[in-house]
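Reviewing the structure listed below.
The values are calculated or read from the model by the stated rules, or taken from the named source; none is laboratory data. Every value quoted in this text rests on a predicted model; they were computed, and no experiment measured them. Here the Cβ is made from the backbone with ideal geometry for all residues, glycine too, and neighbour counts use every protein chain on show. In case anyone asks, the SASA skips ligands and DNA or RNA and just uses the protein heavy atoms, side chains included. Shrake-Rupley method; radii C 1.70, N 1.55, O 1.52, S 1.80 Å.
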Amino acid sequence: MSANGSPAGQQPTATYDSAFLKACRREPVPHTPVWFMRQAGRSLPEYLKAREGIPMLESCTRPELVAEITLQPVRRHKVDAAIYFSDIVVPLKAIGVDLDIKPGVGPVVANPIRTRADLAQLRDLTPEDVSYVTEAVGLLTAELGATPLIGFAGAPFTLASYLVEGGPSRTYENAKAMMYGDPELWADLLDRLADITAAFLKVQIEAGASAVQLFDSWAGALAPADYRRSVLPASAKVFDAVSGYGVPRIHFGVGTGELLGLMGEAGADVVGVDWRVPLDEAVRRVGPGKALQGNLDPTVLFAGKEAVETKAREVLDAAAGLEGHVFNLGHGVMPSTDPDALTRLVEYVHTESAR
């Protein structure tokens, strides 16, 4: 432990005793902490106004805009943590990969990686490549005070899927063809992406992020044996690279009910659970020594106040026996969600879980 009472390697911080970080460390909390994936943006009118006319990737490189968007849901919803506003492809763009985020489509890569020669697109990421991240995190931590900031990055498998497919995919046929057909090239691709991802997370932590989340959005497309053999080593490399900082590491994927134990094994302190698996079952799959995060179905927010409270109560009841629980949705906030429904949900969880 360091002199300020935080783990060795962690900076002295006003956020250490926050409900969110306590829950991540599986310590007693005054109430169950709440934050929402994709809380920064999309559903908020103030976000749409702030970003008006500014392309997504450009908005991620403007520190003052990033800080404003990140703070908006903290001000409005009184959530227990902020999530850094960015996109999983930002580090790829920063090292010169020719890609863009097309509205209504998602990330589109000009020259997909299909051969060993294509790996040349992926050079190491340096702090100078993303100096705007350092600046934005500095602005945020000064403003947030005791509210923790979560840094984040896309996991190597999900980034590889975009890079190999050239954009979003439902079948991942090209990515899986490489994984099965050229396992050495696949391993080298994921290893390189693990280094880039770790470097991106380190920049955020060193600038002041209190926790980090690795989004493996598409890992649910994998069978457990394939995940263990072809994906877990790269994700473990990322988590290991940031382990010395003493900040909680969260791991989340969609449709990953069969992979929950392996995702914890990769090195996470907190395993994110989507809405398909109840938390009392998820804890059995993950095993002891991990906090869980989740897992209200985001579509419930369209159903009205009573239904939201009923389903939120079910999540809290399922989490009653957990060592640590961070309340979240089972995926991100949907764009047409009523912001007031989110505000009411935060208040409900805080009130119902007050110790």
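Hey, can you tell me all the residues within segment 254-307 that are in contact with a Leu (Cβ under 7 Å, 6 or more places away or on another chain), within 15 Å of ARG38 (Cα to Cα) and open to solvent by 30 Å² or more (accessible area, probe 1.4 Å)? Within segment 254-307, none qualify.
Of the numbered criteria (1) open to solvent by less than 10 Å² (accessible area, probe 1.4 Å); (2) modelled with pLDDT of 95 or more; (3) at positive phi, the one GLY41 fails is (2). In segment 77-99, the residues that are touching a residue at least 40 places away in the same chain (Cβ under 8 Å) and closer than 24 Å to GLN39 by Cβ reach residues that are small (Gly, Ala, Ser) and open to solvent by 20 Å² or more (accessible area, probe 1.4 Å) with C-beta atoms within less than 9 angstrom, at least six apart or across chains, in these pairs: ILE88/SER217; PRO91/ALA199. Return yes when THR61 is crowded, with 22+ Cβ neighbours inside 10 Å, of a type in the set (Ser, Thr, Tyr) and at pLDDT 95 or above and no when it is not. No.
Would you be able to say whether some residue in segment 307-314 is of a type in the set (S, T, N, Q) and in contact with a strand residue (DSSP E or B) (Cβ under 8 Å, 6 or more places away or on another chain)?
For segment 307-314, residues of a type in the set (S, T, N, Q) and in contact with a strand residue (DSSP E or B) (Cβ under 8 Å, 6 or more places away or on another chain): absent.
Of the residues making up segment 37-71, those that are assigned to a loop (DSSP other than H, G, I, E, B), over 22 Å from SER217 (Cα atoms) and among the aliphatic types (A, V, I, L, M) number 2.
In summary, THR197 fulfils each of the numbered conditions (1) in contact with a helix residue (DSSP H, G or I) (Cβ under 8 Å, 6 or more places away or on another chain); (2) in contact (Cβ under 8 Å) with a residue 40 or more places away in the chain; (3) surrounded by fewer than 16 Cβ atoms within 10 Å (Cβ to Cβ) with the single exception of condition (3). Of the residues making up segment 112-130, those that are without any contact (Cβ under 8 Å) to a residue 24 or more places away in the chain and open to solvent by 70 Å² or more (accessible area, probe 1.4 Å) are ALA117, ALA120, GLU128.
Note on segment 54-72: residues that are closer than 18 Å to SER131 by Cβ and not acidic (Asp, Glu) amount to 10. Of all residues in segment 257-311, those being at negative phi and in a strand (DSSP E or B) number 8. So, in segment 145-185, exactly how many residues are in contact with a strand residue (DSSP E or B) (Cβ under 9 Å, 6 or more places away or on another chain), over 21 Å from VAL90 (Cα atoms) and open to solvent by less than 10 Å² (accessible area, probe 1.4 Å)? Number of matching residues: 1.
Applying the criterion of being modelled with pLDDT of 95 or more and in a loop (DSSP other than H, G, I, E, B) to the residues of segment 3-20, the residue that is most open to solvent (accessible area, probe 1.4 Å) is ASP17. Look at segment 237-251 and say how many of its residues are under 19 Å from ALA23 (Cα atoms) and among the charged types (D, E, K, R). Qualifying residue count for the region: 1. Could we say that ASP240 is modelled with pLDDT of 95 or more, surrounded by fewer than 16 Cβ atoms within 10 Å (Cβ to Cβ) and on the phi < 0 side of the Ramachandran plot here? Yes, satisfied.
This table checks each residue for (1) without any contact (Cβ under 8 Å) to a residue 60 or more places away in the chain; (2) surrounded by fewer than 24 Cβ atoms within 10 Å (Cβ to Cβ).
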{"site": "ALA187", "(1), (2)": "yes, yes"}
{"site": "ARG192", "(1), (2)": "no, yes"}
{"site": "VAL212", "(1), (2)": "no, no"}
{"site": "PHE215", "(1), (2)": "no, yes"}
{"site": "ALA219", "(1), (2)": "no, no"}
{"site": "ASP226", "(1), (2)": "yes, yes"}
{"site": "VAL231", "(1), (2)": "no, no"}
{"site": "ALA234", "(1), (2)": "no, no"}
{"site": "PHE252", "(1), (2)": "no, no"}
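If you go through segment 54-106 and pick out every residue that is among the basic types (Lys, Arg) and farther than 25 Å from LEU21 by Cβ, you end up with 3. Does VAL74 count as open to solvent by 10 Å² or more (accessible area, probe 1.4 Å), of a type outside the set (Phe, Trp, Tyr) and part of a strand (DSSP E or B)? So VAL74 does not fit the description; no.
Checking segment 21-36 against the condition returns a match, with at least one residue being surrounded by fewer than 21 Cβ atoms within 10 Å (Cβ to Cβ) and assigned to a helix (DSSP H, G or I). Restricting attention to segment 236-250, the residues being touching a residue at least 40 places away in the same chain (Cβ under 8 Å) and not aromatic (Phe, Trp, Tyr) number 9.
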